[in-house]
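Engineer: Below you will find the structure I want to go over with you.
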Amino acid sequence: MRSPVYTCGMSDPTRGSWPEVFRAFLQLGCTSFGGPIAHLGYLRTEFVERRSWLSEAQFAQLLAISQLLPGPASSQLGFSIGLLRAGWSGAFAASIAFTMPSVLLLLLFARLAAALDSPVGEAVVKGLELVAVAVVAHGVWRMARLLTPDVRRLAIAMLSAAIMLLTGAAVWQLAVIAGGALLGWLLCEGSRLERTADNQTPLTAPFGHPSAVLLLTLFIASLVASLGYTLFVPAAAPSLAGLAAELYRAGALVFGGGHVVLPLLETSLVGSGWLSAETFFSGYGAAQAVPGPLFSVAAFFGASVPTGAPALLGAAVA
């Protein structure tokens, strides 16, 4: 028996084709400069206004879900749009097309980084590091203004930051996230946005509850495995398994966009001695200069960490 689907008034959730989705997202992947906030605007203009693949209410629902979940919001939003338009093939076509241009550019930078040992090359790297510092500072300030508009949310944020600065352990991240959710529910309920009937229009999913439960189980199992590897396996020499554990943990526990992942990755990759601080920040700076999602910097880190495997394999794992 076919699993039930969630409907939104469309007779067929796979109304398009994956080549159509791939072409649309490849164009965005080659031209979407400006970071995650700008990407959300590009996606809305392209798929709500220009192509009419989604209504305003459906786009708002997908945006809310992508902001709620950990990981890169713009990448998750693109994956979801591709999923609704052309099923699973459309979802993966959207992800590959949106991310691949920036991944290729960052792999090229990783390849040339070793050759930047001249005064001009060092100046370029230092410039990229300064760009990274400026962008991260602006991102932190912007998020602080948007996400902590009142005393209660500011207090929750400061308490969470204090706990993480004092502990730093990966397990405490889960406790802080759960505690923040509980305190937000208890203290910030009055600040919730009013819901409208239009915003409650259900979305179409090309799979049912059994598949959803399987995906959630895989997510939790992979997170537990990555945390267990980090806690119980010594991180002396870099390896593909260690790289996968660190990068999966970062993607699974980071809320708030690409800039928030920086301290977590810096602790795991630079703090362990797998990457130098100069290499780390030059890669992060280079990621600001290329189009597409900021999380594609993982490809640079994967190619730069000396796991003993080919650089392309390290980038793919990351």
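The values are calculated or read from the model by the stated rules, or taken from the named source; none is laboratory data. Keep in mind the model is a prediction, meaning the values are calculated, not measured. Glycine gets a Cβ as well: all are built from the backbone with ideal geometry, and neighbour counts include every protein chain shown. Note: areas computed on protein heavy atoms with side chains; ligands, DNA, RNA excluded. Shrake-Rupley method; radii C 1.70, N 1.55, O 1.52, S 1.80 Å.
Engineer: Filter segment 122-169 down to residues that are touching a Ser or Thr at 6+ places or on another chain (Cβ under 7 Å) and modelled with pLDDT of 85 or more, then give me how many there are.
Structural biologist: Looking only at that region, the number is 2.
Engineer: Another one. Every residue in segment 274-306 that is β-branched (V, I, T), surrounded by 24 or more Cβ atoms within 10 Å (Cβ to Cβ) and under 19 Å from S32 (Cβ atoms), please.
Structural biologist: If the condition is that a residue be β-branched (V, I, T), surrounded by 24 or more Cβ atoms within 10 Å (Cβ to Cβ) and under 19 Å from S32 (Cβ atoms), then V297 is the only one that fits.
Engineer: Ok, one more. Would you list the helices (runs of 4 or more DSSP H) that sit entirely within segment 202-268 and hold 3 or more residues that are of a type in the set (S, T, N, Q), modelled with pLDDT of 90 or more and out of contact with any Leu (no Cβ under 6 Å at 6 or more places or on another chain)?
Structural biologist: Because the criterion is at least 3 residues that are of a type in the set (S, T, N, Q), modelled with pLDDT of 90 or more and out of contact with any Leu (no Cβ under 6 Å at 6 or more places or on another chain), the helices (runs of 4 or more DSSP H) in segment 202-268 that meet it are 209-232.
Engineer: Among what's in segment 170-185 and is among the β-branched types (V, I, T) and surrounded by 14 or more Cβ atoms within 10 Å (Cβ to Cβ), pick the residue that is modelled with the highest pLDDT.
Structural biologist: Only one residue fits best here, namely V176.
Engineer: Same structure, new question: Take the residues in segment 212-239 that are surrounded by 13 or more Cβ atoms within 10 Å (Cβ to Cβ) and among the hydroxyl-bearing types (S, T, Y); name whichever of them is farthest from G71 (Cα to Cα). If you could, list the steps in order and put the result at the bottom.
Structural biologist: Filtering segment 212-239 for residues surrounded by 13 or more Cβ atoms within 10 Å (Cβ to Cβ) gives 212, 219, 222-223, 225-227, 229-230, 235, 238-239.
Then drop every residue that is not among the hydroxyl-bearing types (S, T, Y), which leaves 222, 226, 229-230, 239.
Working: S222: 15, S226: 15, Y229: 20, T230: 19, S239: 23 Å.
It comes out as S239.
Engineer: Let me confirm something: among R2, R23, which residue is open to solvent by 50 Å² or more (accessible area, probe 1.4 Å), charged (D, E, K, R) and modelled with pLDDT under 80?
Structural biologist: R2
Engineer: Answer yes or no as to whether L264 is open to solvent by less than 40 Å² (accessible area, probe 1.4 Å), of a type in the set (A, V, I, L, M) and under 25 Å from M100 (Cβ atoms). Please lay out each step first, then the result.
Structural biologist: Values: open to solvent by less than 40 Å² (accessible area, probe 1.4 Å): yes; of a type in the set (A, V, I, L, M): yes; under 25 Å from M100 (Cβ atoms): yes.
The answer is yes for L264.
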